[in-house]
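Bear in mind these aren't lab numbers, they're just calculated from the coordinates by the rules spelled out. This structure is a prediction, so every number in the text was calculated from the model and none was measured. All Cβ positions, even for glycine, are placed from backbone atoms using ideal geometry, and neighbour counts span all protein chains on display.
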Amino acid sequence: MPAVFVADAAGPIEPNIFMAFSRGRPDIEAELFLPHEVEEFLSQLWRRFGHMPIDRLNAITKETSAYKNALERGPRAEIPLREISRSFIESREGPAATQVSKQKVYRTQDGRPVQVKAWLPTAVSNIKSGVK
């Protein structure tokens, strides 16, 4: 993605995106066609990190060596892409994206993940548990 990330006290940010969201979520209408490879890559990212709360995601980005090194250079120092890549390749946070099952994640209308279970009628579940 053509972007420049900088180290800010809030964490690593991309200044243009930061400005776009500074007054809340922007109303953007776009019809996107993404190649299969891109969709698969984004799906792997979602499977790896989508279940995590925003506070944890912020902590993960602030714990990277790329962010820490840039912050040492000074506020708003650029975070080179090669350092970002290296930080996440070397990261031990969570399983590798390729190790995560490709199970579909269902979400509520506000984005929280939900676990979908098979429905068992009360009578059947009572029989399985030994309750009559």
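Working out 0.36 nm times the residue gap between Met19 and Arg107, then minus their Cα-Cα distance, what length gain in nm do you get to one decimal? Present the calculation step by step, with values, prior to reporting the outcome.
On the way: separation 88, 0.36 × 88 = 31.68 nm, distance 2.77 nm.
Length gained between Met19 and Arg107: 28.9 nm.
What chymotrypsin sites (Phe, Trp or Tyr not before Pro) does the range 8-48 have in DSSP loop regions with at most 13 other beta carbons within 10 Å?
On the way: sites: Phe18, Phe21, Phe33, Phe41, Trp46; in loops: Phe21, Phe33.
Of the chymotrypsin sites (Phe, Trp or Tyr not before Pro), the ones in loops of the range 8-48 whose Cβ has at most 13 other Cβ atoms within 10 Å are Phe21, Phe33.
What does the charge count near Pro15 come to, summing +1 for each Lys or Arg and -1 for each Asp or Glu among other residues with Cβ under 13 Å from its Cβ? Write out the running numbers ahead of the final one.
Numbers: positive: Arg76; negative: Asp8, Glu14, Glu78.
That sum, taken over residues with Cβ under 13 Å, equals -2.
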